[in-house]
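J.: My structure is below; once you've seen it, I'll send some questions.
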Amino acid sequence: MDLDSEGEPARHDGNELDLGIKQGRRVILRPVVSRDYDAFYALATQTHSGFRWRYRGASPSPELFARQLWDGVLVQQAVISERHGLLGLVGLYNNNSLAKHAYGFALSAPDVAGSGRVYEALLLLLDYGFRMWDFNKIYFEVPGFNVPQMSSAKVLC
């Protein structure tokens, strides 16, 4: 990916980013850039989402978080909206090209939980993942305590 002088994805034709912007009805997926790390650290360590995500309630140092943010990740995208700003993070990780599968994840801001916006982002990510790589399956592990949070997905399915 080409970066501009501020470390952002370079624009080549004035409209599209190098890796492309994926846009849905209410959300936009864009490449993660280093200036997003502090916001993602705050989301990953706060009470609402901290125990649901990678660290399961632990608080890594900001430096460790930044180093591990890309560990095992195939692709991750910031979820944004024109109206609400940064909403979360979605991505694919632990891809197995022989078995043709990967795992997906989502991290959302508490004020958009249950709104369906992050699920819309996941659908965009799934579409991208299946088109970009020859996957047969993309798995999402959902702990039982997260099932009520997924009720908004019914609207999108």
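J.: For Ala113, indicate whether it is farther than 18 Å from Val32 by Cα and in contact (Cβ under 8 Å) with a residue 12 or more places away in the chain.
T.: Numbers: farther than 18 Å from Val32 by Cα: yes; in contact (Cβ under 8 Å) with a residue 12 or more places away in the chain: yes.
Against the criterion (farther than 18 Å from Val32 by Cα and in contact (Cβ under 8 Å) with a residue 12 or more places away in the chain), Ala113 qualifies.
J.: Scan the range 73-95 residue by residue and report those that are of a type outside the set (D, E, K, R) and outside any strand (DSSP E or B). Working first, answer last.
T.: Residues of the range 73-95 that are of a type outside the set (D, E, K, R), as a first pass: 73-81, 84-95.
Within the range 73-95, His84 is the sole residue that qualifies.
J.: Continuing with this model, one more query. Can you go through Gly129, Gly85, Gly91 and tell me which one is under 16 Å from Ile28 (Cα atoms), loosely packed, with under 13 Cβ neighbours inside 10 Å and modelled with pLDDT of 85 or more? Show your work before the answer.
T.: Numbers: Gly129 fails: loosely packed, with under 13 Cβ neighbours inside 10 Å; Gly91 fails: loosely packed, with under 13 Cβ neighbours inside 10 Å.
Result of the check over Gly129, Gly85, Gly91: Gly85.
J.: In addition: For Ser152, which of the numbered conditions (1) polar (S, T, N, Q); (2) assigned to a helix (DSSP H, G or I); (3) at pLDDT 90 or above fails to hold?
T.: Of the numbered conditions (1) polar (S, T, N, Q); (2) assigned to a helix (DSSP H, G or I); (3) at pLDDT 90 or above, the odd one out for Ser152 is (3).
J.: Output the helices (runs of 4 or more DSSP H) that fall wholly within the range 16-72 and possess 1 or more residues being at pLDDT 85 or above, under 16 Å from the mean Cα position of the chain (by Cα) and not basic (Lys, Arg), or say none. Give the derivation first.
T.: Values: elements: 37-45, 47-50, 62-68.
Output list reads 37-45, 62-68.
The values are calculated or read from the model by the stated rules, or taken from the named source; none is laboratory data. Worth saying up front: this structure is predicted, and the values here are computed from it rather than measured. When we count neighbours, we look across all protein chains shown, and the Cβ atoms used for this are built from the backbone with ideal geometry, even at glycine.
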